[in-house]
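Here the structure is laid out as C-alpha cells; the discussion comes afterwards.
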Amino acid sequence: MKLTPFNDPVYISRPMLPDLREMNDKLSEVWDSKWLTNNGPQHAEFENELERRLCASHLSLFNNGTIALMIACQSLRLSGEVITTPFTFPATIHTLAWNNIKPIFCDIDPETMNIDPARLESLITPQTTAILGVHVFGTPCNIKEIQRIADVYGLKVIYDAAHAFGVEIDSVPIGNFGDISMLSFHATKLFHTAEGGALLMKEKILKERIDFLKNFGIKNEEEVVMPGINGKMSELHSVLGLLNLKHVDQEIEKRRQLFSTYVECLDNIEGISFLIPEKTVKSNYQYFVIQIGPRQFGCSRDEVYEKFKKYNIFARKYFYPLCSNYSCYRHLPSSNPSLLTIANNVADQVLCLPLYGGLKQDDVKKICNILLSFKREI
Ligand SMILES: *Cc1c(COP(=O)(O)O)cnc(C)c1O
C-alpha cells in the first residue's frame, strides 16, 4: 500500500444521518401539528422508544447532556464536594462548578482510564455528597466497588455515560447503575439528535422532580414548584432521534468491524497499546483510542498527532489537557499533579483515531500503516 495522504480530510467521527426523505416525511408531521416543543407527540414517542431500547426504568430527554448533568446534581440536592475524574470532557466538571460544588479529583485506573475506586475512600470528607464517575470512551467504571463505597458512606452516585450509549455489563444496560446516568446525544456522539441528551434513573419520584427542573419548575398554569431551568428537547430533535434510533445498531456493527481491523493491524506493536472491551461488556465501539509510549515507539503522541495531519488525518488528543490542569481548577488541592500521576501520564499518551460507520476497512489499514511508518527503531 502506497502511503500517500488521503484526498479528503479524515476526522475521528462523522455523524450518522437518516435518509433526507425519511426526515422530510417526519418533519411534515411536525409541520402539520404546529407543535414544535414542550412535550409534544414526537418527544413522547422518542422518550418511550429510548426507554425501551435502553431498558431504563425511567428516562427524561434533554436539550443537551450538560444541562442534563446539571439537573442531575440539582435533583439529588448535591452540595459541598463531589469526587470525580480529571480525565474527561470539560462539561463533567463544569456542571459541578455551576452547582457551586467543589470538584475533588481522584486519580484513574490505568487499565480502564476511569476513576480508581482504590483511591476513593481517602478523598471522602464530611462535605462529600456524591461520586461522579465517567464511563470514559464507553468503558464501564468499576460500578460494584463504587456502589459499595457509596453505600458505606451514604453517598449518591452519578454516571456521565456520554460515551456509553448501548453499553451493557453482564447484559445489564449501562443506565441501570448508580442513582442517575447521563447520556449525550451531541452530533459527535455515536447516537445523536444534533444536540440532545437524557437522564436515566430508577426512581419514579426522581423522574418527576427532574421533569419539573427541566421545565422551569412549572407544575401547571397556577403553580411553579421549584427553581427550574429550560432543559427541554424540541420536536425537531426528537424526530432526528427517532430516525437515528432505527439505524444505530447497524452503525455499531460497522464500527465493531472497523475496530477489529484496528486491533489486527496494531496488535503487538511495541509502544502502542489500546483497550479491548472485556468479555462481560457489550461495547458500542464509539472510539478507538491508543496510548503511545514514546520511548518504546520512538515517537511521542504529539509528534504522531502532527505527522498524521500531513496525511490529512485529524486525530484528537482526548482527553488532553486534564480538567485538573485547566486554569479554573488547577488551584484546587486535589489538582496537584503529584496526586494524579496516572491521569497525567495517560493524558500525555492518548490519541483518538478515526472510527465511524462510513469509514472503509482499507482506510483503517492505511491509517495503521501510516502510523507504523512513524515508528523509530531504538
Ligand atoms: C459530550 C460530553 C458531554 C457533554 O454533552 P453535551 O451533550 O455536548 O452537552 C459531557 N461529558 C462527556 C464525557 C462528553 O463526552
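Computed from the coordinates by the stated procedures, all read-outs in this text should not be read as laboratory data. Just so it is clear, the structure is predicted and the values come from calculations on it, not from any experiment. Note: ideal-geometry Cβ built from the backbone for every residue, glycine included; neighbour counts use all protein chains shown.
Points worth noting:
- Under Karplus coefficients 6.51, -1.76 and 1.60, residue-wise ³J(HN,Hα) of segment 138-148 in Hz, glycine/proline x: x, 7, x, 5, 6, 5, 5, 5, 4, 5, 4
- Under 9 Å, Cβ to Cβ, from residue 258 - net charge with Lys/Arg +1 and Asp/Glu -1: +3
- Residue-by-residue Karplus 3J(HN,Hα) for segment 182-199, coefficients 6.51, -1.76, 1.60, Hz, glycine and proline x: 10, 10, 10, 10, 5, 3, 7, 8, 3, 9, 9, 10, 6, 10, x, x, 7, 10
- Using the Stokes-Einstein relation with a Kirkwood hydrodynamic radius computed over Cα pairs, the translational diffusion coefficient of segment 294-378 at 10 °C and a viscosity of 1.306 mPa s comes to 108 µm²/s.
- Three-way shape label, segment 23-91, alpha-carbon gyration tensor, a/c 1.5: prolate
- For the pair residue 11 and residue 222, label points projected 7 Å from Cα toward Cβ lie 5.1 nm apart.
- Rounded, prolate or oblate (a/c below 1.5 giving rounded, otherwise prolate when a/b exceeds b/c) for segment 65-205 by Cα gyration tensor: rounded
- Given +1 at the Cβ of Lys and Arg, -1 at the Cβ of Asp and Glu and no other charges, the dipole of segment 8-108 around its Cα centre is 340 debye to the nearest 20.
- Max mean-square fluctuation residue, GNM over the chain, Cα-Cα springs under 10 Å, options 293, 357, 154: 154
- Long-range HN-HN contacts of residue 270 with modeled amide H, under 5 Å: none
- Highest-fluctuation residue, 266, 258, 190 considered, GNM on the chain with Cα pairs under 10 Å: 266
- Listed values for segment 207-214 are Karplus-derived 3J(HN,Hα) couplings in whole Hz (6.51 cos²θ - 1.76 cosθ + 1.60, θ = phi - 60°), namely 4, 5, 5, 5, 5, 5, 4, 8, and x replaces Gly and Pro.
- Residue 79-residue 377 FRET efficiency (beta carbon distance; Förster radius 56 Å; 0.05 resolution): 0.50
- For the chain, the spherically averaged projection of the C-alpha convex hull amounts to 20.0 nm².
- Structure-based [θ]222 nm, the chain - -39500 (n - 2.57) summed over DSSP H runs of at least 4, per residue, nearest 500: -11500 deg cm²/dmol
- Charge dipole (the chain, unit charges on Cβ, about Cα centre) - positive-most of 44, 88, 291: 291
- Whichever lysines have a C-alpha closer than 20 Å to that of residue 202, once near sequence neighbours (fewer than 8 apart) are set aside: 144, 156, 214
- With 30 Å as the limit on Cα-Cα distance, the pairs of 207/254; 232/317; 204/254; 232/360; 317/366; 102/254 that go past it are 207/254; 232/317; 204/254; 232/360; 102/254.
- Across the options 182, 114, 355, the greatest Cα extent toward the positive end of the charge dipole of the chain (unit charges at beta carbon of Lys, Arg, Asp, Glu) belongs to 355.
- Compactness of segment 176-223 - radius of gyration and Dmax, Cα, Å: 13.3, 41
- Within segment 169-233, GluC sites (Glu not before Pro) in DSSP loop having at most 16 other beta-carbon neighbours inside 10 Å: 203, 221, 222, 223
- Annotation: amide H of residue 156 within the under-5 Å range of 130, 131, sequence separation 5 or more or interchain, hydrogens built in the peptide plane.
- Look at where the Cα atoms of segment 190-214 and of segment 231-253 average out, and the two centres are 15 Å apart.
- Within the same chain, aspartates and glutamates fewer than 8 places from residue 282 are excluded, and of the rest, those with a Cα less than 19 Å from its Cα are 51, 111, 160, 168, 170, 249, 251, 253.
- By the beta carbon rule, with partners counted only under 4.7 Å, the chain holds these lone Cys residues: 55, 73, 106, 141, 299, 323, 328, 352.
- Placing unit charges on the Cβ atoms only, positive for Lys and Arg and negative for Asp and Glu, gives the chain a dipole magnitude near 820 debye about its Cα centre.
- Here segment 348-378 and segment 11-42 have alpha carbon centers that stand 35 Å from each other.
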